[in-house]
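Engineer: Once you've had a glance at the structure underneath, I'll fire off some questions.
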Protein chains: 2
Amino acid sequence: MMQNRDAGHTPVTVIGLGLMGEALAGAFLRDGYPTTVWNRTAAKAERLVSQGAKLADSVGDAVAAGPLVIVCVSDYDAVHELLHPLGEVLDGRVLVNLTSGTSAQARETADWAARQGSTYLDGAIIAIPPAIGTADAVILYSGPRSAFDLHESALRSLGAGTTYLGGDHGLSSLYDVAVLGLMWGILNGFLQSAALLGAAGVDAAAFAPLAKKGIETVTDWLSDYAQQVDDGTYPALDATIDTHLAAMEHVIQESEFLGVNAELPRFVKALTDRAVADGHGGNSYAAMIEQFRKSSGT
Amino acid sequence: MMQNRDAGHTPVTVIGLGLMGEALAGAFLRDGYPTTVWNRTAAKAERLVSQGAKLADSVGDAVAAGPLVIVCVSDYDAVHELLHPLGEVLDGRVLVNLTSGTSAQARETADWAARQGSTYLDGAIIAIPPAIGTADAVILYSGPRSAFDLHESALRSLGAGTTYLGGDHGLSSLYDVAVLGLMWGILNGFLQSAALLGAAGVDAAAFAPLAKKGIETVTDWLSDYAQQVDDGTYPALDATIDTHLAAMEHVIQESEFLGVNAELPRFVKALTDRAVADGHGGNSYAAMIEQFRKSSGT
């Protein structure tokens, strides 16, 4: 341990040892950080302890073990349940909350942490547990730049894609749900297509290579789409929305013909119909941003 | 021209000179194929003629010019309007229809073509016109293997991703709508996220790099998802559907909070709720395939 401290490795605390918390603590240990852990069910710490982690007797002891406290639990209610009773032990420490939630929850938690005298960074993990500590793990942080800079080298142990987004504590949650939205777009698109092809006797595994190629192609368009969204002008460089609409009709017809669920393509077509009604039929698909921007109430 | 014929370049005909048809004829010309073109509006052929194409006086003359006839027009109605009156000039030729449509339309057209004595390949272009003739163009064919093999080298001029799918004429349209479904999944996911981030003051261009990274990550999962879909078992290797559902609630809350359209995340959550009701809450998201397989009527 002395060796690590000599090398300038800040002691870190990880609270919450679900699959993700365990992966986080494991990455710190691998990189030589003195790591204290706590979990409601202590048994979950056994493997980490065998790797050199110190298991704290209480949340308060875990927090007291070092200047950098990482929390990764099921939701923000659990965060507050664990930390609210602690009082002044939080004072002067940097609290990094990697629990999933909304931007409003992140901002509320930042306000609460400030009242305890601690510095708060909100974070979002865009990776599955096995990717933690690798080049593939993207972890986003928002909050005071100085706190991020102070602990950046420790945080970078968790993933090469460690990224600071800005001072607004809500940013990491916002980017998180933005990436999740894209994720479900891909997964649902793939599964809808797999259902359709499956009904025609084609295996999903046979479709996967073409799906990947198609995704690559569309991904290459996103920078141009982003530019059009930001500019508010949507010249049809490739296909017009009218052309998309005709093809959507084909997807609905195929789905109905093959007896699979047509709700998703019907939903997409209904939204696209509205863009045409708003006069965007001759524009690129990026003009759909105006439909997505419209409030749909609560 | 004699030089090309000596080199074994089959004369080809391209009917329909929209953006895509023009790109197809241009690719044949660049590769030295004697190319005859026809379009309802002859003026659209001018650039191709200056590049060496022969403009036919009629559809019948165009078809008569060679053994390989490519049709790429607005829809199958237009295909039939052009070709039905021709009669026996089609006899003995290979007709390749790259017009977008459904698998049922492809099979009907194959039956009709057989009655004219011509061999029919249905095709689908998974590329935008500027990509035609390049490594990026994927073009799918279905129909008799012998016809594809006979003209494969000519067809390969149109794109390095030239792929034969099988004897069922409907396959190319089915794969086409499958890729399109994925495309709208990505585009809508990106635009929904761009709307959400935009409402919080983040430019779409600032989100694009992270979006691309996120897409890469999810794309890497698809082979495993495909395997689970084909196996019909859905072990949760990463997140469970219950975990997805909690995150979907965050997207809805963020969208409502920021006053942007929450219809897409609400739709996705409603579909996911049904998977949980069916007992799949502890499974991987691949179990959603069972929702997509359910007929939703016509």
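Engineer: Would you tell me which residue of chain A has the beta carbon closest to the rotation axis bringing chain A onto chain B, and how many whole Å away it is?
Structural biologist: That would be A:Gly185, 2, residue then distance in Å.
Engineer: Where both partners of a DSSP beta bridge lie in segment B:6-167, what percent of those bridges are antiparallel, to the nearest 5? Display every interim value, and only then the final one.
Structural biologist: Details: 5 of 28 bridges.
Just about 20 percent of them are antiparallel.
Engineer: Next up: Averaging over all projection directions, find the projected area of the Cα convex hull of segment B:10-98 and quote it in nm² with one decimal place. Show your work: numbers first, answer last.
Structural biologist: On the way: hull surface 20.0 nm².
The Cα convex hull of segment B:10-98, projected and averaged over all directions, gives 5.0 nm².
Engineer: Now for a separate question. What is the sum of charges, Lys and Arg at +1 and Asp and Glu at -1, for the other residues whose Cβ falls under 12 Å from the Cβ of B:Thr35?
Structural biologist: Net of charged neighbours comes to 0.
Engineer: I would also like to ask the following. Can you give the charge dipole size of the protein assembly as shown about its Cα centre, rounded to the nearest 20 debye, using +1 on the beta carbon of Lys and Arg and -1 on the beta carbon of Asp and Glu? List each step's numbers first, then the result.
Structural biologist: On the way: 36 positive and 68 negative charges, 110 e Å.
For the protein assembly as shown, the charge dipole is close to 520 debye.
Engineer: Counting only C-alpha contacts under 8 Å and six or more residues apart, can you give the relative contact order of chain A as a whole percent? Write down the numbers at each step before the final one.
Structural biologist: Numbers: 465 pairs, mean separation 34.2, N = 298.
Result for chain A is 11 percent.
Engineer: Here is a follow-up. Using a Förster distance of 60 Å, how high is the FRET efficiency between B:Asp91 and B:Lys212, based on the Cβ-Cβ distance and rounded to 0.05?
Structural biologist: Values: r = 51 Å, r/R0 = 0.84.
It comes out at approximately 0.75.
Engineer: If you don't mind, another one. So, in nm, how far is label B:Glu108 from label A:Thr134 when the simple model puts each one 7 Å beyond its Cα toward the Cβ?
Structural biologist: So the two model labels end up 4.9 nm from each other.
Engineer: Quick check on segment B:163-283: take the gyration tensor over C-alpha atoms, sort the square-rooted eigenvalues as a ≥ b ≥ c, and tell me if it's rounded (a/c under 1.5), prolate or oblate. Let's see the in-between values first.
Structural biologist: On the way: a/c = 1.96, a/b = 1.30, b/c = 1.51.
Since a/c reaches 1.5 but b/c is at least a/b, the shape of segment B:163-283 is classed as oblate.
Engineer: Report the local net charge at B:His280: Lys and Arg +1, Asp and Glu -1, summed over other residues whose C-beta lies under 11 Å from its C-beta. Present the calculation step by step, with values, prior to reporting the outcome.
Structural biologist: On the way: positive: B:Arg274; negative: B:Asp242, B:Asp273, B:Asp278, B:Glu290.
Local charge sum for B:His280: -3.
Engineer: Taking the Cα centre of each part, how many Å lie between segment A:218-292 and segment B:69-122?
Structural biologist: 28
Engineer: Compute the Rg/Rh shape ratio of chain B: radius of gyration over Kirkwood radius, all on alpha-carbon atoms.
Structural biologist: Details: Rg = 23.6 Å, Rh = 22.0 Å.
Ratio value, two decimals: 1.07.
Engineer: If you don't mind, another one. Can you give the translational diffusion coefficient of the protein assembly as shown in µm²/s, computed by Stokes-Einstein from the Kirkwood radius over Cα pairs at 4 °C and 1.567 mPa s? Write out the running numbers ahead of the final one.
Structural biologist: On the way: Rh = 26.3 Å.
The calculation lands on 49 µm²/s.
Engineer: Buried accessible area between B and A (1.4 Å probe, both chains summed, ligands and nucleic acids excluded), in Å² to the nearest 100? List each step's numbers first, then the result.
Structural biologist: Details: alone 15550 and 15550 Å², together 22540 Å².
Result for this pair: about 8600 Å² buried.
Engineer: If the label for A:Ala270 sits 7 angstrom from Cα along the Cα-to-Cβ line, what are its distances to the same label in every other copy, in nm to one decimal, shortest first?
Structural biologist: Copy-to-copy label distances for A:Ala270: 0.6 nm.
Engineer: On full extension of the chain, what length is gained from B:Asp220 through B:Glu152, given 0.36 nm per residue of separation minus the C-alpha to C-alpha distance? Mind dumping the intermediate values first?
Structural biologist: Values: separation 68, 0.36 × 68 = 24.48 nm, distance 3.12 nm.
21.4 nm is the gain from fully extending B:Asp220 to B:Glu152.
Engineer: What are the distances, in nm and sorted shortest first, from the label point of B:Leu19 to the label points of the same position in each other copy, with each label point placed 7 Å from Cα along the Cα-to-Cβ direction?
Structural biologist: 4.2
Engineer: Which entries in the list B:Lys213/B:Lys269; A:Lys54/B:Lys269; B:Lys44/B:Lys213; B:Lys212/B:Lys269; A:Lys54/B:Lys212; A:Lys294/B:Lys212 go over 30 Å, if you measure between the two C-alpha atoms of each? Write down the numbers at each step before the final one.
Structural biologist: Details: B:Lys213/B:Lys269 24 Å; A:Lys54/B:Lys269 40 Å; B:Lys44/B:Lys213 41 Å; B:Lys212/B:Lys269 24 Å; A:Lys54/B:Lys212 38 Å; A:Lys294/B:Lys212 25 Å.
Table pairs above 30 Å Cα-Cα are A:Lys54/B:Lys269; B:Lys44/B:Lys213; A:Lys54/B:Lys212.
Engineer: Defining a contact as two alpha carbons under 8 Å apart and six or more residues distant in sequence, what relative contact order in percent does segment B:16-61 show?
Structural biologist: Values: 47 pairs, mean separation 17.7, N = 46.
Relative CO of segment B:16-61 lands at 38 percent.
Engineer: Antiparallel versus total DSSP beta bridges in the protein assembly as shown: what percent is that, nearest 5? Before the final figure, lay out each step's value.
Structural biologist: Working: 10 of 56 bridges.
Of the beta bridges lying entirely in the protein assembly as shown, close to 20 percent run antiparallel.
Engineer: Calculate for chain B the 222 nm mean residue ellipticity that helices alone would give, adding -39,500 (n - 2.57) per DSSP H run of length 4 or more and normalising by residue count, nearest 500 deg cm²/dmol. Can you show the working numbers first?
Structural biologist: Numbers: 12 runs with 156 residues, N = 298.
Estimated from H runs of four or more residues: -16500 deg cm²/dmol.
Engineer: Along Cα-to-Cβ, 7 Å out, sits the label point; list in nm, shortest first, how far the one on A:Thr233 is from those in the other copies.
Structural biologist: When each copy's label point is compared with this one, the spacings are 5.7 nm.
Engineer: I need the calculated FRET efficiency for the pair B:Thr41 and B:Asp231, taking r as the beta carbon distance and R₀ as 56 Å, to the nearest 0.05. Mind dumping the intermediate values first?
Structural biologist: Working: r = 52 Å, r/R0 = 0.94.
Efficiency for this residue pair is about 0.60.
Engineer: If you don't mind, there's one more thing I want to ask. Assign one of three labels to segment B:6-167, namely rounded, prolate or oblate, based on the Cα gyration tensor with a ≥ b ≥ c the square roots of its eigenvalues; rounded applies when a/c is under 1.5, prolate when it is not and a/b is larger than b/c, and oblate otherwise. Walk me through the numbers on the way to the answer.
Structural biologist: Values: a/c = 1.33, a/b = 1.09, b/c = 1.22.
Because its axes are fairly even, with a/c under 1.5, segment B:6-167 counts as rounded.
Engineer: Further question: Under 13 Å from the Cβ of B:Gly214, count the other residues' Cβ atoms, weight Lys and Arg +1, Asp and Glu -1, and hand me the total.
Structural biologist: Values: positive: B:Lys212, B:Lys213; negative: A:Asp136, A:Asp176, B:Glu216, B:Asp220.
Neighbourhood net charge equals -2.
Engineer: May I ask you to rank A:His80, B:His84 by accessible area, largest first, using a 1.4 Å probe over the protein chains only? Could you put the intermediate results ahead of the total?
Structural biologist: On the way: A:His80 40, B:His84 95 Å².
Output order, biggest surface exposure first: B:His84, A:His80.
Engineer: Moving to a separate point now. Kindly identify residues of segment B:131-165 having a loss of at least 40 Å² in accessible area between the isolated chain and the assembly of all protein chains, probe radius 1.4 Å.
Structural biologist: So the qualifying set is B:Val138.
The values are calculated or read from the model by the stated rules, or taken from the named source; none is laboratory data. The structure displayed is predicted, hence computed values, not measured ones. Cβ coordinates were reconstructed from backbone atoms using ideal geometry, including for glycine residues, and neighbour counts include every protein chain displayed. The accessibility values were calculated without ligands, DNA or RNA, using every heavy atom of the protein model including side chains. Shrake-Rupley method; radii C 1.70, N 1.55, O 1.52, S 1.80 Å.
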